[in-house]
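Peer 1: Got a structure for you, questions after.
What follows is calculated from the coordinates using simple rules that are stated; it is not laboratory data. None of these values were measured; they are calculated from a predicted model. Heads up, the Cβs are rebuilt from the backbone with ideal geometry, glycines too, and the neighbour counts pull from every protein chain shown.
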Amino acid sequence: MKSIKKPMTYLVIALMAAVHALNYQVFVFPNSFAPAGINGICTMIQYMTGISVGYMSLLINIPLAIWVYLKVSRTMGLRSMVYVVVSSVMLVIFNGMDMSAIAYVTENGTSTILGPLVGGIAYGSLYAILVRVSATSGGTDFIAAIIHKYRPEKSMFWIIFALNVFVAFMSFFVYDYKIEPVIMCIMYCFTSSMVTDKMSRSGRAAVRFEIITDYPDEISNAIITKLHHSATLLPGRGMYQGKEVSVLICVVNKNQMARLADIVRQYPHTFAVMSSVNEVMGNFKKIDTHGNQEKEILDHGDVTIT
């Protein structure tokens, strides 16, 4: 499995890059609006001059990718460069093809809002996959990585926000003084960000149980043998009766909630409090529905991108 992880990872990155290019051709370009970031600026330049976004993306991103490779992370730089090159080449290829059969566009201008909505969902989904394998889509991500390397105390939020505001503002003037492209740009940014955040967190989410019981050893043993997780035992005292009790804290995968609830029900005078955990870090096993540890098919690299 380890021997094919890296080739599989680069194959997935290349596939996501091709999907990115197709997403632009189907939902972005036909509906005349600019997405976020540097690619948004390139899209407006293409609209005005006809120069393909693919060429401009290569011109801007390759030097930045080399800089990231040399100064920040070789893994991030190389994987992001693969993404940028494949997406740029595919944009140039698609730009020379007749994509009208699959492009989403309406003749009378109705329902154009669906273009940025679906396009944002598609980009947010593929970007969430890139984040998991220490890659980026280039542009502002490269700039953020470089600035964070030399000035880690600086927040990139306002820089990226300002750039997106600039793209949205300029859309009004570039696309024939219409307010709709501005709204579409904002919707694309919002949708892609929400989808990326949701998908990124879902892969690291879990459920926390606090179990109050008189049978800590029996329940702990059941958790270890049946769920392949462990628990932390804390002493407690029930204030209603003043009785000494045990408190077990256990974090399990979401698909194990029902099985742990069944374990708790087997013991009298035992109850549990459950809460969602947005993110679990460190040595935490992901167990599938069959009770086996999930195997990672992709190489996550050496950089955590948030």
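Peer 1: Which value, in debye to the nearest 20, describes the size of the charge dipole of region 206-277 about its Cα centre when Lys and Arg Cβ atoms bear +1, Asp and Glu Cβ atoms bear -1, and nothing else is charged? It would help to have the intermediate numbers written out before the result.
Peer 2: Numbers: 7 positive and 6 negative charges, 48 e Å.
Taking the Cα centre of region 206-277 as origin, the dipole is about 220 debye.
Peer 1: What dipole magnitude, in Debye to the nearest 20, does region 2-202 give about its Cα centre under +1 on Lys/Arg Cβ and -1 on Asp/Glu Cβ?
Peer 2: Numbers: 13 positive and 7 negative charges, 230 e Å.
Charge dipole of region 2-202: 1100 debye, to the nearest 20.
Peer 1: Now for a separate question. Can you give me the distance in nm between label points at GLU244 and ILE179, each placed 7 Å from the Cα along the Cα-to-Cβ direction?
Peer 2: 7.1 nm
Peer 1: So for region 70-204, taking the charge dipole from beta-carbon charges (+1 Lys/Arg, -1 Asp/Glu), which of TYR177, MET187, ILE129 sits furthest toward the positive end?
Peer 2: ILE129
Peer 1: I've got another one for you. What order do you get for 4-12, 34-42, 70-78 when each peptide is scored by the mean count of other beta carbon atoms within 10 Å, highest first? Write down the numbers at each step before the final one.
Peer 2: Details: 4-12: 15.6, 34-42: 24.6, 70-78: 17.7.
Top of the packing list down: 34-42, 70-78, 4-12.
Peer 1: Let me ask you something else. Region 243-274 to region 117-193: how many Å between their Cα centroids?
Peer 2: One Cα centre to the other: 43 Å.
Peer 1: I'd like to know which of ASN95, ILE159, GLY242 lies farthest towards the positive end of the charge dipole of the chain, counting +1 on Cβ of Lys and Arg and -1 on Cβ of Asp and Glu.
Peer 2: The one lying farthest along the dipole's positive direction is GLY242.
Peer 1: Something else: Using mean Cβ contacts within 10 Å as the protection proxy, how do 133-146, 86-99 order, highest first? List each step's numbers first, then the result.
Peer 2: On the way: 133-146: 22.6, 86-99: 17.5.
Sorting 133-146, 86-99 by mean packing, highest first, produces 133-146, 86-99.
Peer 1: Now, a different point. Among (1) 0.99; (2) 0.95; (3) 1.10, which is the computed Rg/Rh (Cα atoms, Kirkwood Rh)?
Peer 2: Computed from these coordinates, Rg/Rh (Cα atoms, Kirkwood Rh) corresponds to label (3).
Peer 1: Write out the trypsin sites (Lys or Arg not before Pro) in region 199-228 meeting two conditions: DSSP loop, and at most 15 other Cβ atoms within 10 Å of their Cβ. Write down the numbers at each step before the final one.
Peer 2: Values: sites: ARG201, ARG204, ARG208, LYS226; in loops: ARG204.
Passing both the DSSP loop test and the Cβ count: ARG204.
Peer 1: Could you tell me which of PHE271, MET257, SER220 has its Cα farthest along the dipole of region 206-277 towards the positive end, charges placed at Cβ (Lys, Arg +1; Asp, Glu -1), taken about the Cα centre?
Peer 2: MET257
Peer 1: Something else now. Once the other residues with Cβ under 12 Å from the Cβ of ARG259 are scored (Lys, Arg +1; Asp, Glu -1), what is the net sum? Walk me through the numbers before you get to the answer.
Peer 2: Working: positive: LYS226, LYS254, ARG265; negative: ASP262.
It works out to a net charge of +2.
Peer 1: Could I ask something else about it? Kyte-Doolittle cut-off -1.0, length cut-off 24 Å along the helix's own axis using Cα: show which whole DSSP H helices in the chain pass. Display every interim value, and only then the final one.
Peer 2: Numbers: long enough: 2-23 (32 Å, 0.77); 53-71 (26 Å, 1.43); 74-95 (31 Å, 1.30); 114-132 (28 Å, 1.32); 157-174 (25 Å, 2.36); 180-202 (33 Å, 0.43).
Those that pass (Cα extent of 24 Å or more, hydropathy at least -1.0) are 2-23, 53-71, 74-95, 114-132, 157-174, 180-202.
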